[in-house]
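Notes follow once the structure below has been shown.
Just so it is clear, none of the values below were taken in a lab; they were calculated from the coordinates. These figures come from a predicted structure and were not determined experimentally. So basically every Cβ, Gly included, is an ideal-geometry build from the backbone, and we count neighbours across all protein chains shown.
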Amino acid sequence: MGAPITVGVDGFAESPPAAHWAAREALLRDLRLRLIHAWNPPSPPAPALPHEDDQSYWSQRLLTDLVGELRDTHPGLRVSAELVPRETVPALLDAARDAEMLVLGSRGRGTPGGFLLGSTGRQILAHGVHPVIMVHADDKPLTADVAVGVSLRRPNEEALRFAFDAAARRGGVLRAVHAGTNGPGDEEAAGDEEEPGAESALEAALRPWRERYPGVPVAEAFTAERPALGVVHTAPGSGLLVLGRDETEPGPVPHLGSVIHAAVHHAPCPVAVVPRG
């Protein structure tokens, strides 16, 4: 039995769309779906309260209701839910280590105080050892196509593998995007200086994956925009945008780079952030 797809669930409106996206992905991959809701129990324990006033009651109710909704909407889905009495970041990072991917809801474009803008989202994206997918509540209708940002200096093979595999499973086109000139913080995703031979360099980066996935149509896209803009502007029409992430330097505020930051906040589709192996 393969590793599950795990979804971090909270009480915000973005959790159900993320869970439904993950449910479709689990069915597509014939994997189990696991819902995780982390919460910090009071210490010392609070005095006994009527169950309606007990935080654990409402947390469990949130999971129970969502599991029922997912089962009704996605027949055949294998889904379980777990209430974890731990701090959110370590609970989700631990769950992600045993998962095929971790899916989180993002409050979306231009919303102050969104999930990613806090320390939780940054830590999960920066330190997850498997792909992390951010899903907005207002993402456009799904399409089968997949876009992937490609760096020509040092292509992220794990991101390319994930993108080609996703396109193959969906029966869509793989759109490989190379954007503009590098700026500080853009090293981990789609961006290098545009130079003669960029087309051949992109072709070389894609060649082994085209051979491995011969049934996936590939469209190459070049833009002179800075990577943070070019990748986002090339994403419309795709059902998923895939970006690679290099190892993150330790620190209290992880640095994700401008491309990932812009994509998670402004791409019109779910964004998969894939760590380099």
Most packed first (mean Cβ within 10 Å per residue), the peptides 69-77, 159-167 order as 159-167, 69-77
For Arg61 and Glu247, extending 7 Å from Cα along the Cα-Cβ vector and measuring point to point gives, in nm, a value of 4.7 nm
Under 5 Å from the placed amide H of Asp145, counting only residues 5+ away or on other chains, we find Val173, Gly239
Sequence order, the stretch 34-40: Karplus ³J(HN,Hα) from phi using 6.51 cos²θ - 1.76 cosθ + 1.60, θ = phi - 60°, Hz rounded, Gly and Pro as x, gives 10, 9, 10, 10, 9, 8, 8
Note, Gly215: beta-carbon cut-off 15 Å, +1 each Lys/Arg, -1 each Asp/Glu, net +1
Of 136-146, 58-68, ordering from highest average Cβ density within 10 Å down gives 136-146, 58-68
